[in-house]
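Read through the structure below, which is laid out as structure tokens, and then see the notes.
The values are calculated or read from the model by the stated rules, or taken from the named source; none is laboratory data. Quick caveat: nothing in here was measured; it's all calculated off a predicted structure. Just the protein is used for accessible areas: all its heavy atoms, side chains included, with ligands, DNA and RNA removed. Shrake-Rupley method; radii C 1.70, N 1.55, O 1.52, S 1.80 Å.
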Amino acid sequence: MRTLIYVPVIHTGADLGSIAEHVAKKGIASLGQELWEKHRKTVEGFWNVISNYFDSIDVKVVKIYQDGMVADNEVGRNIVEETAKAGSKNYQLVLRLLERGAVLVKTEDFKLVKQEYDRLIAITQAKSITRKIIAFIRYKLVKAVLLNKRDAFIAKRIEQTLKADEKAILFIGAFHNIKKRLPKDIQIKEVKDAAKVKRYQKLLPFYNKNGKQFDELGKYLVSEVA
């Protein structure tokens with residue numbers, strides 16, 4: 001039986017490269033400094049408990065599949081090291097796993113990842129409100145299609161590269177839907193409930209109306225993994 005440890009992630013600013021500053025400014029502007037800081041601390045706590053979990057298990061020769069990872073071997077390792085150095089909690093954890101004997105596997109198609117990233121860059125670099133709106137609409141029109149194509153590619157990569165009796169870890173954004181695409185002979189273990197991680201992120205902009213539920217989900221995210 002093949003085993004996949006499934007980690008639905010919340011991306012931090014360091015994961016977003018050149019658009020990180022734009023996302024942070026937008027978050028503070030729409031949510032307010034206090035709520036944004038609360039969210040930031042929750043995300044940091046989330047990554048702390050995820051890291052604690054992986055510190056407790058043997059990861060030697062365990063394969064690593066990573067959201068956005070378009071290479072493996074030396075190139076992939078360089079990407080991990082540079083992004084970890086930039087402050088990504090996700091990639092800092094992946095780097096520690098690699099240092100303990102885990103194996104990085106190319107997870108995504110470069111062209112699909114670049115298409116999505118280029119459209120996000122177009123929004124942040126738009127010089128006027130009109131151009132920003134147009135870029136945002138263009139992104140929204142293809143977002144679901146690109147996500148679907150990426151999910152199909154990721155699932156296929158896992159199916160093809162995870163061999164019988166092997167174990168792997170998948171770090172994937174909570175809005176992806178990989179599980180339903182995987183073969184039945186792959187046993188999936190969720191470190192955190194993907195639906196709850198996704199719900200937390202969806203409620204963030206609507207905290208004033210859903211504060212109680214949002215806070216409960218926040219407590220769940222920072223609770224130790226069973």
Legend entry - Built amide H within the under 5 Å cut-off of ILE188, gap 5+: LEU4
Legend entry - Choice from SER128, SER51, SER88 showing the highest fluctuation, given a GNM over the chain with Cα pairs closer than 10 Å: SER128
Legend entry - Pairs beyond 28 Å (Cα-Cα), from LYS85/LYS111; LYS89/LYS143; LYS41/LYS111; LYS143/LYS212; LYS63/LYS85; LYS149/LYS202: LYS41/LYS111; LYS143/LYS212
Inset, instruction - Take the chain, compute every pairwise Cα distance, and split them into 5 Å bins from 0; I just need the percent in each bin. - result: 1, 6, 13, 18, 20, 18, 13, 7, 3, 1, 0
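Given a 1.4 Å probe and every protein chain left where it sits, what share in percent of the accessible area of the chain is carbon and sulfur?
That fraction is 54 percent.
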Legend entry - Between helix 73-85 and the chain: long-axis angle, C-alpha atoms, 0 to 90°, nearest 10: 50
Legend entry - Centre separation in Å (Cα based) which lies between the range 187-226 and the range 54-125: 23
